[in-house]
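**Student:** Below is the structure I would like to discuss, written out as structure tokens.
The values are calculated or read from the model by the stated rules, or taken from the named source; none is laboratory data. This structure is a prediction, so every number in the text was calculated from the model and none was measured. Cβ: placed from backbone, ideal geometry, glycine included. Neighbour counts: every protein chain shown. All accessible areas refer to the heavy atoms of the entire protein, side chains included, with ligands and DNA or RNA removed. Shrake-Rupley method; radii C 1.70, N 1.55, O 1.52, S 1.80 Å.
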Amino acid sequence: MPTPPRVLTVAGSDSGGGAGIQADLKTMLALGTHGMSVLTAVTAQNSLGVQGAWELPAEAVRAQFRSVVDDIGVQAVKTGMLSSAGLVETVAELLAGLDVPVVIDPVGVSKHGDPLLAESALDAVRTELLPTATVATPNLDEVAQLTGVHVREEADMRRAAAAVLEFGPRWALVKGGHLAAGAGSGDAVDLLTDGTEEHWLRAPRHDNRHTHGTGCTLASAIAAQLAKGDTVPQAAAAAKEYVTGAIAAGFRLGTGIGPVDHGWRLRG
């Protein structure tokens with residue numbers, strides 16, 4: 001049996017299984033790739049929020065990364081929660097030595113509003129991490145945090161993407177899911193651009209609360225598609241379709257914000 005494409009996620013653990021490493025690995029499996037992980041932090045987390053977070057030492061992150069890359073190899077990498085400047089710098093250094101597509105999800109806060117990135121780490125994200133990215137996938141809150149650009153309507157997304165691209169990623173995917181429905185067409189719209197090409201990705205906005213893990217899932221889906229040989233626009237479009245279906249099929253879990261259904265295609 002042929003070896004499937006190998007994708008590595010460098011991110012934090014979500015004990016509730018809806019986001020983080022758990023969402024990444026489920027997405028990678030659902031899209032036909034072999035997922036591997038470098039754990040950066042452990043969280044106590046459920047549908048109501050993050051009750052605690054514990055960062056792993058940089059040497060543990062470095063050892064996990066080298067263990068996987070040096071033996072098994074990778075064909076794409078996705079990063080998520082990197083809570084401190086030290087971790088951002090460590091991961092950026094490791095990524096700089098790879099020649100594979102890298103998807104950077106600059107996680108700033110959880111779906112519940114819990115901070116997941118120290119203010120002191122923002123400069124390292126801008127100057128060290130984002131330049132390693134094939135694609136950066138910030139949501140509107142993360143765009144504002146990193147660039148100071150506040151998106152209030154679709155027309156602002158071009159300016160936001162340009163500001164992200166100034167930090168060095170080859171492509172920026174500005175996620176507009178947090179944009180108020182009245183600020184655009186009513187669809188959930190994302191803008192993918194490399195500063196020359198523009199791709200507007202639109203999908204129906206599903207009115208449910210099963211949205212925990214959408215950012216992790218989208219970034220992981222892009223990485224999986226890139227590992228399979230897609231171009232960036234192809235990978236982003238396929239990932240958008242996958243995450244839209246996962247939101248639509250999301251289920252109630254706990255009493256707060258439920259997760260998307262990563263296995264929606266497998267259930268036919």
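**Student:** Under a GNM of the chain (C-alpha, springs under 10 Å), which listed residue has the highest mean-square fluctuation: GLY97, GLY256, GLY86?
**Tutor:** GLY97
**Student:** Between LEU48, LEU31, LEU191, where does the largest GNM mean-square fluctuation fall for the chain, given springs only between Cα atoms within less than 10 Å?
**Tutor:** LEU48
**Student:** Compute the FRET efficiency between GLU198 and LEU98 as 1/(1 + (r/R0)^6), taking r as their Cβ-Cβ distance and R0 = 30 Å, and round to the nearest 0.05.
**Tutor:** 0.60
**Student:** Given LEU165, ALA11, THR244, which one lies farthest toward the positive end of the charge dipole of the chain, if we put +1 on the Cβ of every Lys and Arg and -1 on the Cβ of every Asp and Glu?
**Tutor:** THR244
**Student:** Just LEU29, LEU129, LEU173 to compare: in a GNM of the chain, with alpha carbon springs under 10 Å, which one fluctuates most?
**Tutor:** Evaluated over the chain, the most mobile residue of the options is LEU29.
**Student:** Over segment 6-249, with every protein chain in place, what whole percent of the accessible area is carbon and sulfur at 1.4 Å, could you tell me?
**Tutor:** Summing carbon and sulfur atoms, their accessible area is 50 percent of the total for segment 6-249.
**Student:** Under a Cβ-Cβ cut-off of 10 Å, what is the net charge of the residues other than THR137 that fall near it, where Lys and Arg count +1 and Asp and Glu count -1?
**Tutor:** -1
**Student:** Follow-up. With the dipole of the chain worked out from charges on the C-beta (+1 for Lys and Arg, -1 for Asp and Glu) around the Cα centre, which of LEU130, VAL69, LEU31 lies farthest toward the positive end?
**Tutor:** It is LEU31, whose Cα lies furthest towards the positive end.
**Student:** Next question. Along its three principal axes, how long is segment 1-41 when you only count alpha carbons? Whole Å, largest extent first please.
**Tutor:** 33, 17, 10
**Student:** Only four residue types carry charge here, +1 at the Cβ of Lys and Arg and -1 at the Cβ of Asp and Glu. Report the dipole size of the chain about the Cα centre in Debye, rounded to the nearest 20.
**Tutor:** The dipole magnitude comes to about 800 debye.
**Student:** When the solvent-accessible surface of protein heavy atoms is calculated with a 1.4 angstrom probe, in what order do TRP171, TRP200 fall, highest first?
**Tutor:** Of TRP171, TRP200, the descending order of accessible area is TRP200, TRP171.
**Student:** Would you mind getting me the FRET efficiency between ARG62 and SER15? Use the beta-carbon distance for r and R0 = 30 Å, nearest 0.05.
**Tutor:** Values: r = 24 Å, r/R0 = 0.79.
Plugging the Cβ-Cβ distance into 1/(1 + (r/R0)^6) gives 0.80.
**Student:** Could you state the number of Å between the C-alpha centres of segment 20-84 and segment 120-137?
**Tutor:** 17
**Student:** Further, regarding this structure: Relative contact order of the chain, please, whole-number percent, based on alpha carbon pairs below 8 angstrom and at least 6 residues apart.
**Tutor:** Contact order relative to length: 19 percent.
**Student:** Please tell me the relative contact order of segment 65-159 in percent, rounded to the nearest whole number, where contacts are Cα pairs under 8 Å and at least six residues apart.
**Tutor:** Working: 119 pairs, mean separation 26.5, N = 95.
Relative contact order for segment 65-159 comes out at 28 percent.
**Student:** Roughly what would the spin-label model give for ASP71 and ALA44, points 7 Å off Cα along C-beta, in nm?
**Tutor:** Going by the 7 Å Cα→Cβ label model, 3.3 nm.
**Student:** Could you compute the FRET efficiency for LEU253 and ARG170, with r as their C-beta to C-beta distance and R0 at 25 Å, rounded to 0.05?
**Tutor:** With a Förster radius of 25 Å, E is 0.10.
**Student:** Where does segment 6-249 land on Rg/Rh, using Cα atoms and the Kirkwood Rh?
**Tutor:** 0.93
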